Structures are given as C-alpha cells and as structure tokens.
Amino acid sequence: MPVLVMKFGGTSVANLDRIRRAAKRVGVEVAKGYDVIVIVSAMSGKTNEMVGWVEETSPLFDAREYDAVVSSGEAVTAGLMALTLQEMDVPARSWQGWQVPLQTTSAHSQARIEEIGTKNINQKFGEGMKVAVVAGFQGISPEGRITTLGRGGSDTTAVAFAAAFDAVRCDIYTDVDGVYTTDPRICDKARKLDKISYEEMLELASLGAKVLQTRSVELAMRFKVKLRVLSSFEEQCDEAGTLVCAEEEIMESNAVAGVAYSRDEAKLTLLSVADRPGIAAIIFNALSEGGVNVDMIVQNISEDGRTDMTFSCPTDQVARAEQALLKTKGTGDLNYAELVADKDVAKISVVGIGMRSQSGVAAKMFKVLSDEGINIKVITTSEIKISVLIDRKYMELAVQALHDAFDLDKVA
Ligand code: ADP
Ligand code: ASP
Ligand code: MG
C-alpha cells in the first residue's frame, strides 16, 4: 500500500472535537487506499504550559528532565487520536518516539533525528493496521533517554517519517490554509502561495516564519519529500494548500517571494575591543561555549587600534551572552569598555530566489524603510535574502510596507 504522512499541529488537535475532525480527514485518506502515518503535536498551549512548569521548578533545569516533561503532550494526543480512529472502526494504534524507535542525538531539547526504524510499523501495516499514530517532537537518545526535537519539532518528525517510509506525500495540517507571502496574522494583504521552492521556504522558516520548522524543510529538500501545508479547518482538502517543491516546478516568480520576521532578537555591542587578529575568535568562541546562538555580526570602523563589535542573538540568551563574555574578559587578551544590550529589536527579512538574477532589491528595501522613518541597525545578506535589525515597535509596519512595496499581494 502507498504510505501517506499526515501531521496535525497543536490547534488541529486542540480538543476532542478537533481530534475527531482530524480523524475524519484521516479516514478519508484511508478510504482512498493509503496506509497512513499520522504525526500529532500536543494540544495547543500544552507545551508552553509545561515549559513554564519546568522553568518555575528549576530555572537552570536539567535538559533531560525538561524533555521527559515536555514530550508528554504529544503522548496524550497520540493515544487520543488512536482511540478516536478506533471508534470510527479504523484499525489504528499509537506509538511513542521510543517505541518506533525514532533515534536521535543526545542534544536534549534540540536533538536531531539519526534514524527511524520502519520494521515495527511496517509489520503492523502488514497485519492490517491502517493508521500508525505517532507522537511528534520526541525520540530516544543513544543513552536511552527521551529527547525532543526543538520547538515546532513535530513538522520534522513528519517529514522524517515521510522520507523513511518513502511516502507519496507529507501533508502538514495547521491553522492557516498554506504558506503565505508573509504571516497572515500581521499583514492582512498576505497572499497564499500555491507553490514555494524548498530554498525559499528554508530561508523563510529559518528567518522566523514558524509555519514549518526549519529542519523539516531541510529534510524535505534533502530527501525530495513532497511537502504540502494545508488547513485542518476547511472541509475540502484536495488540491488545496501550498506545495513546497523544487524550484524547477515553479513557473513564474517575483524577485521577492516573501517577508519574514523574528520578534525576539537582541543586539549586543562590545565597546572598544582591540582590533587585532584573534579577538573575534576569542569573543565568538566564548559565546559558542556559553551556548549562545549568534546570528548577525558586524565589526565597526576601527580607531586607534580599537573597534566596536556588534552581534545579535535571541533575547532570552542575552544573560547567557553577558555571562560568557564577562567570564572571558581579561583572559586571552580580551578586554572591552562596556557591553551594551538592546533587547527591543526585531529582524525583518525579504526572501526570494529571483534575487539571484535581479538587482536593486536591497536598495528598494532600504528606501521603503527609510520612507517609513525606520532606522536600520544591522544588515546581512545572502544570495536569496536580505535581513535587517530594526526597533521592535516598527516590526509590523516594516513587514506591511515591504509587502506593499514588493507587490506581494499580486501574482507575478
Ligand atoms: P501548528 O501548531 O499547526 O504547528 P504553528 O503555529 O506552528 O502551527 O504555525 C502556523 C502559524 O505560522 C500560522 O498561524 C501563522 O501565524 C504563522 N506564520 C508565520 N509566517 C507564515 C507564513 N509565511 N505563512 C503562513 N503562516 C505563517
Ligand atoms: N508541541 C511542540 C511545540 O509546541 C512540538 C510541535 O507542536 O511541533 O513546540
Ligand atoms: Mg508548528
């Protein structure tokens, strides 16, 4: 039997009624002749609630126990989904990550998938089971401990299963009916895309569009998984949603495909560090050892052999960055006058493979922001994206103005 993977996110399994609707959708696919692997998230809000409990119990928590706690939301929905399907006379059973087994690295709270065993589930399919309901987001480490795949990780579970079982498609059911030119929640002119390339989706996801976890897009691209994003709230689902596919399958494209934002960014500047070989290595080594995910980096103009070094990281890592740099200050020649942290910044990015062949996108982006009176604090570019850091209070205005200026509400 051909295998289809269907993933239901938190809002799509938010209560028993929603689980029943999702199960009905699964029943439709079973009736078409598929063996279905259903990947479920925790009910919406549950993972956040549990993260809160862990942080309140132990601010510097043991990540292994964090995973033991937060993986449990998916365990509940997997069992409930299997029960719901059984009530509909669809042969189904639930699987926890470790039962599959879905083997991961030991990097607790952000583990990577190493291998998915297909034998157990295939055996059950062979015995007449029609639906394997798998708890998303969780796996097992080489040490036999429960791991989780990072926030939004059920998307990655789904794509990894689609690759491992050679599924015909991986359908991601969520609370929007596809991938939009920007987050429809902050821009009402956002337009749903019928198709988007893996490359563009990868950039949008990594730059903040949380509709798909970045790693899931990476895997889909690597294993050529046909990935579709669609709404679990709509009755009709055939041909709906957005297909994430190879660039060649897309006929026309704008220079810019979409705008992404990331709200919780911070900009840190080390004032007056020595402008000499080795200093950047010391700074960023200290940050890396302190577990800080540095994003943008800018070294400012040097004067009298001293310079300022600016970088950005997630807001919740500022304390860690300050601690790591303070620990290193005075050692290995690192000295600085002051560390200035600006925690109220957001990152806005425009993304599009058309940028490879069309010039002027950066100039236009900067002009649009300047016309709105928005100051740019840091800029970075790559082949298919331009990102800027700005004051967070202008975030929505910037997204909307860029969306308008690049005509993203219109088909190319
Ligand atoms: P789920 O719980 O189903 O995994 P998420 O909340 O993780 O859903 O992702 C869906 C949300 O992603 C949408 O509600 C939307 O606000 C947000 N989003 C951000 N950028 C985009 C985009 N470009 N297209 C569609 N949705 C987006
Ligand atoms: N429940 C997890 C989270 O909220 C994983 C997921 O939903 O994808 O991050
Ligand atoms: Mg999600």
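The values are calculated or read from the model by the stated rules, or taken from the named source; none is laboratory data. No experiment lies behind these values; they were computed from the predicted model shown. Glycine also receives a Cβ, built like all others from the backbone with ideal geometry; neighbour counts cover every protein chain displayed. Ligands, DNA and RNA are excluded from the accessible area calculation, which covers all protein heavy atoms including side chains. Shrake-Rupley method; radii C 1.70, N 1.55, O 1.52, S 1.80 Å.
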- Might you report the magnitude of the Cβ-based charge dipole of the chain about its Cα centre, with Lys and Arg at +1 and Asp and Glu at -1, to the nearest 20 debye? 580
- Solvent-accessible heavy-atom area per residue, rounded to whole Å², over the chain at 1.4 Å: 46
- the chain: antiparallel bridges as % of DSSP beta bridges, rounded to 5, reads 60
- Sorted by mean Cβ packing within 10 Å, highest first, what order do the peptides 181-190, 194-203 take? 194-203, 181-190
- Message: Given the options I297, S109, M355, identify the residue whose Cα lies farthest towards the positive end of the charge dipole of the chain (+1 on Cβ of Lys, Arg; -1 on Cβ of Asp, Glu).
- Response: S109
- Message: Order F284, F137 by their accessible area, 1.4 angstrom probe, all chains in place, largest first.
- Response: F284, F137
- What's the center-to-center distance, using Cα atoms, between region 1-69 and region 185-242 in Å? 18
- Note on the structure: With Cα coordinates, the longest principal axis of the chain makes an angle with the long axis of helix 361-371, in degrees rounded to 10, of 70
- Item | Assigned charges on the beta-carbon of Lys, Arg, Asp, Glu; region 7-158 dipole about Cα centre (debye) | 580
- Where both residues lie in region 42-154, what percent of DSSP beta bridges are antiparallel, nearest 5? 55
- Tell me, what HN-Hα J-couplings in whole Hz come from the Karplus equation 6.51 cos²θ - 1.76 cosθ + 1.60 at θ = phi - 60° for each residue of region 77-88, using x for Gly and Pro? 5, 4, x, 5, 5, 5, 4, 4, 5, 4, 4, 8
- Once amide H atoms are placed 1.01 Å from N in the peptide plane, what residues at a sequence separation of 5 or more from E265, or on another chain, have their amide H within under 5 Å of its amide H? T315, V345, K347
- Kindly state, as a whole number, the per residue volume in cubic angstrom of the convex hull around the alpha carbon atoms of region 220-334. 194
- Message: Tell me which of T307, T156, G258 sits at the most positive position along the dipole axis of the chain, charges placed on C-beta atoms (Lys, Arg +1; Asp, Glu -1).
- Response: T156
- Note on the structure: extent check for region 339-412: Cα max minus min per principal axis, descending, whole Å, gives 43, 23, 16
- Got a number for the accessible area of S94? Probe 1.4 Å, square angstrom, nearest 10. 40
- Task: Compute the signed sum of charges (Lys and Arg +1, Asp and Glu -1) over the other residues within less than 10 Å, Cβ to Cβ, of R64.
- Result: -3
- Working note, region 185-276: Cα radius of gyration (Å, one decimal) and Dmax (Å, whole number) are 17.2, 63
- Rounded to the nearest 10 degrees, what's the angle between the helix 279-289 long axis and the longest principal axis of the chain, both from Cα atoms, 0 to 90? 30
- Note on the structure: Measure of exposure for S288: accessible area at 1.4 Å probe, Å² rounded to 10, is 80
- Normalise the Cα radius of gyration of the chain by 2.2 N^0.38 Å (N = residues in it) and let me know the number. 1.06
- Item | Summed side-chain charge close to G52 - residues other than G52 whose Cβ falls under 14 Å, Lys, Arg +1, Asp, Glu -1 | -2
- Query: Mind checking the angle between helix 318-328 and the chain's longest principal axis? C-alpha axes, 0 to 90 degrees, to the nearest 10.
  - Reply: 50
- Highest-first arrangement of 56-63, 260-267, where packing means the average Cβ count within 10 Å: 260-267, 56-63
- Net dipole in debye of region 83-227 [+1 Lys, Arg Cβ; -1 Asp, Glu Cβ; about Cα centre; nearest 20]: 80
- Return the whole-Å distance between the Cα centroid of region 339-355 and the Cα centroid of region 89-157. 35
- Mean separation of Cα contacts under 8 Å (6+ apart) over length of region 68-172, as relative contact order %: 29
- Could you sort H403, H108 by accessible area so the largest value comes first, with the probe set to 1.4 Å? H108, H403
- Message: Suppose we take every Cα in region 1-116 and form the convex hull; what volume per residue is that in Å³?
- Response: 100
- Query: Ignoring any ligand, DNA or RNA, what whole percent of the accessible area of the chain comes from carbon and sulfur when the probe is 1.4 angstrom?
  - Reply: 48
- Item | Segments 130-136, 321-327 sorted - mean Cβ within 10 Å per residue, highest first | 130-136, 321-327
- For every helix of n ≥ 4 consecutive DSSP H residues, a contribution of -39,500 (n - 2.57) applies; sum these over the chain, divide by its total residues, and give [θ] at 222 nm rounded to the nearest 500 deg cm²/dmol. -10000 deg cm²/dmol
- Query: For the chain, what relative contact order do you get, as a whole percent, if you take Cα pairs closer than 8 Å and at least 6 residues apart?
  - Reply: 14
- Query: If you stretched the chain out fully between S370 and D89, how much longer would it get, using 0.36 nm times the residue separation minus the C-alpha to C-alpha distance?
  - Reply: 95.1 nm
